[in-house]
Amino acid sequence: MRILVVDDESDLQSLFEQRFRREIKNHEVDLEFAFSGEEALQYINSHGQEAVLILSDINMPGMSGLELLKNIKENHSRAVPVVMMVTAYGDEKNHEQARLLGADDFLTKPLDFEALKHKLKKYLP
C-alpha cells in the first residue's frame, strides 16, 4: 500500500519511517512524503493513483489540508484515494468541515502510531 503523507513538518518523515520500519521492510507499506498541499497535488497529478491512502495534516501554510481534500474529491473522482485527515486535539470546526468535504477518517495530533496502524489494516490487501 502506497501512502502519501502530507505535512509541513519535515521531521515527521524520519518518525514515520522509524515507526513503519517493519512494514516497509516487509513491503506492506510504501511511504511517500509531500511537505505542502501544493507538493501533494503535484505528486498526485504526476503519479496518478499510485497512492492508495493520503494522510494529510489540516493546518499547513499555503494550501491547507482542507483545500487539498476538496481538490482531491472534486478533481480525482474516478479513483479517489482514501483520505485521512490529521487534526489538532479540540479542533472541532476543521474536523467537521473535513467530514463535510468527504474525509474518510481522522487522526488527532500527536499521532498515535498504533491507532494509525490499526486503521490501516482495513485498507491493506
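The values are calculated or read from the model by the stated rules, or taken from the named source; none is laboratory data. Keep in mind it's a predicted model, so treat the numbers as computed, not measured. Please note: Cβ atoms are built from the backbone with ideal geometry, for glycine as well, and neighbour counts cover all protein chains shown.
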Taking first residues from the stretch 98-114 that are more than 9 Å from residue 86 (Cα to Cα) and touching a residue at least 40 places away in the same chain (Cβ under 8 Å) and second residues anywhere that are part of a strand (DSSP E or B) and hydrophobic (A, V, I, L, M, F, W, C), the pairs with Cβ under 9 Å that are 6 or more apart or on different chains are 98/83; 98/85; 98/106
Hits in the stretch 17-40 (condition: part of a helix (DSSP H, G or I) and over 12 Å from the mean Cα position of the chain (by Cα)): 17, 18, 19, 21, 22, 23, 24, 25, 38, 39
Report whether or not residue 123 is within 26 Å of residue 28 (Cα to Cα), of a type in the set (Phe, Trp, Tyr) and modelled with pLDDT under 90. yes
Within the stretch 36-57, take every residue that is of a type in the set (D, E, K, R) and in contact with a strand residue (DSSP E or B) (Cβ under 9 Å, 6 or more places away or on another chain) and give me the one that is surrounded by the fewest Cβ atoms within 10 Å (Cβ to Cβ). 50
Residue in the stretch 45-86 that is modelled with the lowest pLDDT, counting only those that are in a helix (DSSP H, G or I) and under 12 Å from the mean Cα position of the chain (by Cα): 72
Identify the residue in the stretch 6-38 that is β-branched (Val, Ile, Thr) and touching a helix residue (DSSP H, G or I) at 6+ places or on another chain (Cβ under 6 Å) and, among all such residues, is modelled with the lowest pLDDT. 29
